[in-house]
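Worksheet: one structure, shown below.
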Amino acid sequence: MSEKILLTAAETDAGSRLDKYVSDNIAELTRSAVQGLCETGTVYVNNRVASKNYRLRAGDSITAEIPEPQPMDAVPENIPLDIVYEDGDLLIVNKPKGMVVHPAHGNYTGTLVNALLYHCVDSLSGINGIIRPGIVHRIDKNTSGLLIVAKNDASHLHLAEQIKAHSFTREYEAVASGYFKETSGTVDAPIGRHKTDRKKMCVTRENSRNAVTHYEVLRQFGGYAHVRLQLETGRTHQIRVHLAYIGHPILGDDMYGKPYKGIDGQCLHARKIGFIHPSTGKYMEFSSELPDYFRTVLSRLEKT
């Protein structure tokens, strides 16, 4: 059975293309997926089938009929991986910017999971099902950096428990907008789904979960800052939401800030992870160098 979602265009939405507006307001749909729905005649404006390039007017009533998801099987793909460490229980991957972690609507192939299935064959934990095998935690498509993958269920549970207990080290670096008056601090603010934009998260007291992010300014460049961040919790878009909340959105973050010429999405890198190994009981820590795009941004800012 299909799901019907009703939206109403606001004054600020006037002139927007229908496909962009719907994808911006329905989290599970990419723009290409919306275009596909328009082609099949399941997106309506004021009860009439509308084309993907229809320009909205204030007050337009939009209805999108989303078909019931079809079962998906993630398939192995021979995609190169930057593996930092690997043993019989887990592996550490340095994910490039632009790679989606697991298959979802609009991204069925080319994901990290597709690459892992090829590399590991059948040696991945099954706790998160066939679409997210081995995935203990995630980072956004346009966030680069380190990610841990579990090869068996016992390792997965052990690592997940460390994340839950806040004993799993996750350190990031970002370029944030604005001048920081305080060079270090903590953002302790609950995060939940945005009321009107289903793709976004926000600081809210309603239907939210506690979220804590620690930050330290490494260097300031007038209107920008190179910042180190450490997660105490791991909510969706946590760093991006928290920095925007305190008035310092991440440079290039087109969802919570503004785009930046030369990079696609936010300038955010998962620099370090640390954890107790599930089998040996020893603490292990891994770090990765800042990628080229990040260093290019820093070089530009140094010259301004």
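The values are calculated or read from the model by the stated rules, or taken from the named source; none is laboratory data. Because the structure is a prediction, the values reported are computed rather than measured. Cβ: placed from backbone, ideal geometry, glycine included. Neighbour counts: every protein chain shown. Please note that ligands, DNA and RNA were not included when accessible areas were found on the heavy atoms of the full protein model with its side chains. Shrake-Rupley method; radii C 1.70, N 1.55, O 1.52, S 1.80 Å.
What the phi angles of segment 240-257 give under the Karplus curve with 6.51, -1.76 and 1.60, with θ = phi - 60°, is a coupling list of 4, 5, 5, 5, 5, 4, 8, x, 10, x, 5, 4, x, 7, 7, 9, 10, x Hz, glycine and proline written as x.
Scalar couplings 3J(HN,Hα) for segment 216-223, obtained by applying the Karplus form with A = 6.51, B = -1.76, C = 1.60 to θ = phi - 60°, are 9, 7, 8, 6, 10, 10, x, x Hz; x denotes Gly and Pro.
Can you pull a Stokes-Einstein diffusion coefficient for the chain at 20 °C (1.002 mPa s), Rh from Kirkwood over Cα pairs, as a whole number of µm²/s?
The diffusion coefficient I find is 102 µm²/s.
Under a 10 Å cutoff between Cα atoms, tell me which one of D87, D253, D24 has the largest fluctuation in the Gaussian network model of the chain. Most flexible of the set in this elastic network: D87.
Does segment 152-304 classify as rounded, prolate or oblate by the C-alpha gyration tensor (a ≥ b ≥ c root eigenvalues; a/c under 1.5 gives rounded; else a/b over b/c gives prolate, otherwise oblate)? The shape class here is oblate. When you filter the chymotrypsin sites (Phe, Trp or Tyr not before Pro) in segment 78-177 for DSSP loop state and at most 11 other Cβ atoms inside 10 Å of their Cβ, nothing is left. Of the peptides 151-160, 175-184, the order by per-residue mean of other Cβ atoms within 10 Å, starting with the highest, comes out as 151-160, 175-184. With the Kirkwood sum run over all distinct C-alpha pairs, segment 117-240 has a hydrodynamic radius of 16.4 Å. Per-residue ellipticity at 222 nm from helix content only, as computed over the chain with -39500 (n - 2.57) for each DSSP H run of at least four residues, stands at -5500 deg cm²/dmol. Largest first, the extents of the alpha carbon coordinates of segment 108-190 on the three principal axes equal 51, 30, 20 Å. Putting +1 on Lys and Arg Cβ atoms and -1 on Asp and Glu Cβ atoms, find which of P103, L268, Y245 reaches farthest to the positive end of the dipole of the chain. The listed residue farthest towards the positive side: Y245. Taken about its Cα centre, segment 3-119 carries a charge dipole of roughly 720 debye when the Cβ of each Lys and Arg holds +1 and the Cβ of each Asp and Glu holds -1. Near L90, the amide H atoms lying under 5 Å from its own belong to K151; only residues 5 or more places off or on other chains count, and H is placed 1.01 Å from N. In segment 195-236, Cα pairs under 8 Å separated by at least six residues give a relative contact order of 36 percent.
When the solvent-accessible area of segment 249-304 is split by element, carbon and sulfur atoms take up 50 percent of it, the probe being 1.4 Å.
Solvent-accessible area per residue in segment 182-304 equals 53 Å², computed with a 1.4 angstrom probe and all protein chains kept. For the cross-link pairs K97/K195; K4/K164; K181/K272, the ones whose C-alpha atoms lie over 30 Å apart are K4/K164. Beta bridges per DSSP, both residues in segment 136-287: antiparallel share near 95 percent.
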